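K.L.:
Take a look at this one; I'll ask things after.
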Amino acid sequence: MELSYQEKLTLIKLKDLKKVKFEDLVKETNLDQVAVMRAILWLQSKGLARLHERQKKIVRITELGRKYGQIGLPEKRALKLLVERGKITLDDLKDVLSEDELRPIIGILRKEGWANIKKEEGALVLEATDKAKEALSKERPIDVVLKLLVEKGEVEARNIERIIPLKDVKSRKIGEEDIKSEREVEITEEGLKLVEMGLELKKEVSILTPELIKSGEWRNVEFKRFNIQAPVKRVYPGKKQPYRAFLDKIRRKLIEMGFIEMSAESLIETQFWNFDALFQPQNHPARDWTDTYQLKYPKHGYLPSEELVERVKASHEYGWTTGSRGWGYKWDPRTAMLLMPRAHATALSARQLGKGVQIPGKYFAIQRVFRPDVLDRTHLIEFNQVDGFVVGEDLTFKHLLGILKRFAVEIAGAKKVKFLPDYYPFTEPSVQMSAYHEELGWVEFGGAGIFREEMTKPLGIDAPVIAWGIGIDRLAMFKLGIDDIRYLFSYDLKWLREAKLVW
């Protein structure tokens, strides 16, 4: 049987000690604790020694407990002053108590029956009782426990509980509960026989140096064997938060596909860009406070150029030059100026189209959006959305479906995708896309369609525009293998460390 130097030394010491506390064995071997523990575990695996471990509940003194051990508990200090003077006010107590100690002291003095409390000339006065004088010379259970903790530093919980309930010690913050392990080591029959047969202690080295070879000392040493299959502590190197890494790779993939990223100056948007420029009428229920957030202060922002505003207004009221009848109502610029946290990233698409685009051209944005909702495993009130559009003379609805399917399958890793007819005020035709999740079933994660001319023409675009808005958080659930969307923003270290890398 091959034994290391530390194992041999530990066995030799155990032969005389038979059964010993781990701490005492460390002193006897003169090795560090880690080396001794490693030797014991190896000896135990070879049946030469046994490690007995027992856990016990202890109470360890706190800094506050040490302080009270020197100056006394607050009620004892207050009692001493009360007995000396016979009658005191709250201001008198400030000489011996801190502000935090002063608050509960009246209740304690009254509960213990040490003081009568009354008002004299509008001030609260405490008057010592006969019981107060007796109490000054007596030790209460809490005093005994404090004295015990000061003397020993830590006391077994069951010994404390014989004197006073443990909750009283913790509520006074003079002691804190902890678990302490007691370890004992003993040699087995096999280990004893091996030592009696004779163990030779030779110096153990891990590196063969030129000096050892030249001096011939290598003959007198033992070379440490390395077990390359031995389990080691797992190391967690620094890495990007998994969801952030997923978003960055989505961004890079879209740029590689030729898309241009749209920038956002702020999370706050006017209703003009969030709704009006998208041909969403001002009386639409989705603009109500139950479906969007609104800013309380400042309440209004600024509209873009007067010419653009007039075209959008005309499109809403009577269709402008699009051949549409519009929505047939009186458009209000003050409503369009209302400020709100962005409800969808499509607002950025409207802004980009208003600034001008390349034709043909492809654009995208990954931005944070906000909507009132009930938090659950598939819904958030603050989430990310990938919004994009392609503009070109020969685009059709089939091009849009192809892009969406490729995005869901190739980029997000969805196995099954289906499309259903849907309605949005700014696209026609419109489609909703869902993907299948093994735990959640079919999950809706995006809407798309062809932008209506009532939206694009006032913004200066006279070519077909196919567009989509995708809840990328839900797609990330597929790629990262999770069944609760809240985990994307979790502080759970286990998940953050072990979450699989994507791509």
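K.L.:
Suppose the filter is surrounded by 15 or more Cβ atoms within 10 Å (Cβ to Cβ) and charged (D, E, K, R); does D394 pass it?
P.N.:
Here the answer is no, as D394 does not meet what is asked.
K.L.:
Would you check if there is a residue in segment 328-337 being aliphatic (A, V, I, L, M) and buried (at least 18 other Cβ atoms within 10 Å of the Cβ)?
P.N.:
Scanning segment 328-337, I find at least one residue that is aliphatic (A, V, I, L, M) and buried (at least 18 other Cβ atoms within 10 Å of the Cβ), so the answer is yes.
K.L.:
Let me ask something else. Condition check: modelled with pLDDT under 85 and hydrophobic (A, V, I, L, M, F, W, C). Does A135 satisfy that?
P.N.:
The answer is yes for A135.
K.L.:
Let me ask another. So which residues in segment 465-489 are touching a His at 6+ places or on another chain (Cβ under 8 Å), over 11 Å from H437 (Cβ atoms) and not hydrophobic (A, V, I, L, M, F, W, C)?
P.N.:
G469
K.L.:
Would a scan of segment 32-40 turn up a residue that is touching a residue at least 60 places away in the same chain (Cβ under 8 Å) and closer than 24 Å to F226 by Cβ?
P.N.:
yes
K.L.:
Next question, about the same structure. Taking the stated definitions as given, is L31 at pLDDT 85 or above, in the same structural domain as E204 (by TED's automatic domain parsing) and surrounded by fewer than 18 Cβ atoms within 10 Å (Cβ to Cβ)?
P.N.:
no
K.L.:
For K173, only one of the following conditions fails: (1) out of contact with any Gly (no Cβ under 9 Å at 6 or more places or on another chain); (2) not assigned by TED's automatic domain parsing to the domain that holds T10. What is its number?
P.N.:
Going through (1) out of contact with any Gly (no Cβ under 9 Å at 6 or more places or on another chain); (2) not assigned by TED's automatic domain parsing to the domain that holds T10 one by one, K173 breaks only (1).
K.L.:
Within segment 377-416, how many residues turn out to be in contact (Cβ under 8 Å) with a residue 12 or more places away in the chain, closer than 24 Å to E256 by Cα and under 32 Å from the mean Cα position of the chain (by Cα)?
P.N.:
12
K.L.:
Report every pair of residues separated by at least 6 positions or lying on different chains whose Cβ atoms are under 6 Å apart, first residue within segment 450-474 and free of Cβ contacts under 8 Å to residues at least 12 places away in the same chain, second small (G, A, S) and in a strand (DSSP E or B).
P.N.:
Here the result reads none, with nothing in segment 450-474 linked to a residue that is small (G, A, S) and in a strand (DSSP E or B).
K.L.:
Across segment 182-216, what is the total count of residues that are surrounded by 14 or more Cβ atoms within 10 Å (Cβ to Cβ), touching an Asp or Glu at 6+ places or on another chain (Cβ under 6 Å) and over 22 Å from E23 (Cα atoms)?
P.N.:
Selection size over segment 182-216: 1.
K.L.:
Follow-up question, since we're still on this one. Select from segment 1-45 the residues that are among the basic types (K, R) and not in a helix (DSSP H, G or I) and list them in ascending order.
P.N.:
Correct list: K18, K19, K21.
K.L.:
Which of the helices (runs of 4 or more DSSP H) found entirely inside segment 71-126 contain at least 1 residues meeting this: of a type in the set (A, V, I, L, M, F, W, C) and under 19 Å from S171 (Cβ atoms)?
P.N.:
So the answer is 74-85, 99-111.
K.L.:
Within segment 1-18, how many residues turn out to be loosely packed, with under 12 Cβ neighbours inside 10 Å, touching a residue at least 12 places away in the same chain (Cβ under 8 Å) and of a type outside the set (A, V, I, L, M, F, W, C)?
P.N.:
Result for segment 1-18: 2.
K.L.:
Let me ask something additional. How many residues, within segment 342-376, are surrounded by 14 or more Cβ atoms within 10 Å (Cβ to Cβ) and either assigned to a loop (DSSP other than H, G, I, E, B) or not assigned by TED's automatic domain parsing to the domain that holds G446 (or both)?
P.N.:
Adding up the residues that qualify gives 6.
K.L.:
Find all pairs meeting these conditions: Cβ atoms under 7 angstrom apart; at least six residues apart or on different chains; first residue within segment 131-149 and farther than 24 Å from V59 by Cα; second residue among the charged types (D, E, K, R) and in a helix (DSSP H, G or I).
P.N.:
If the second residue must be among the charged types (D, E, K, R) and in a helix (DSSP H, G or I), the pairs left are L136/K80.
K.L.:
Take the conditions in the same structural domain as G471 (by TED's automatic domain parsing), assigned to a helix (DSSP H, G or I), surrounded by fewer than 17 Cβ atoms within 10 Å (Cβ to Cβ) and among the aliphatic types (A, V, I, L, M) and apply them to V409. Does it pass?
P.N.:
It is true that V409 is in the same structural domain as G471 (by TED's automatic domain parsing), assigned to a helix (DSSP H, G or I), surrounded by fewer than 17 Cβ atoms within 10 Å (Cβ to Cβ) and among the aliphatic types (A, V, I, L, M).
K.L.:
Looking at segment 61-70, which of the residues that are surrounded by 14 or more Cβ atoms within 10 Å (Cβ to Cβ) and part of a helix (DSSP H, G or I) is farthest from the chain's Cα centre (by Cα)?
P.N.:
G69
K.L.:
Would you pick out the residues in segment 259-285 that are modelled with pLDDT of 90 or more, surrounded by fewer than 16 Cβ atoms within 10 Å (Cβ to Cβ) and part of a loop (DSSP other than H, G, I, E, B)?
P.N.:
L267
K.L.:
Oh, and also: Take the residues in segment 412-421 that are crowded, with 16+ Cβ neighbours inside 10 Å and in contact with a strand residue (DSSP E or B) (Cβ under 7 Å, 6 or more places away or on another chain), then tell me which one is nearest to E454 (Cα to Cα).
P.N.:
V417
K.L.:
Where residues in segment 420-458 are within 12 Å of L278 (Cβ to Cβ) and among the hydrophobic types (A, V, I, L, M, F, W, C), which of them is farthest from the chain's Cα centre (by Cα)?
P.N.:
My answer is M455.
K.L.:
For segment 34-60: of the residues being loosely packed, with under 14 Cβ neighbours inside 10 Å and among the charged types (D, E, K, R), which is farthest from E190 (Cα to Cα)?
P.N.:
K56
The values are calculated or read from the model by the stated rules, or taken from the named source; none is laboratory data. Please read all numbers here as calculations on a predicted model, not as lab measurements. Quick reminder, even Gly has a Cβ in these numbers, built from the backbone with ideal geometry, and neighbours come from all protein chains shown.
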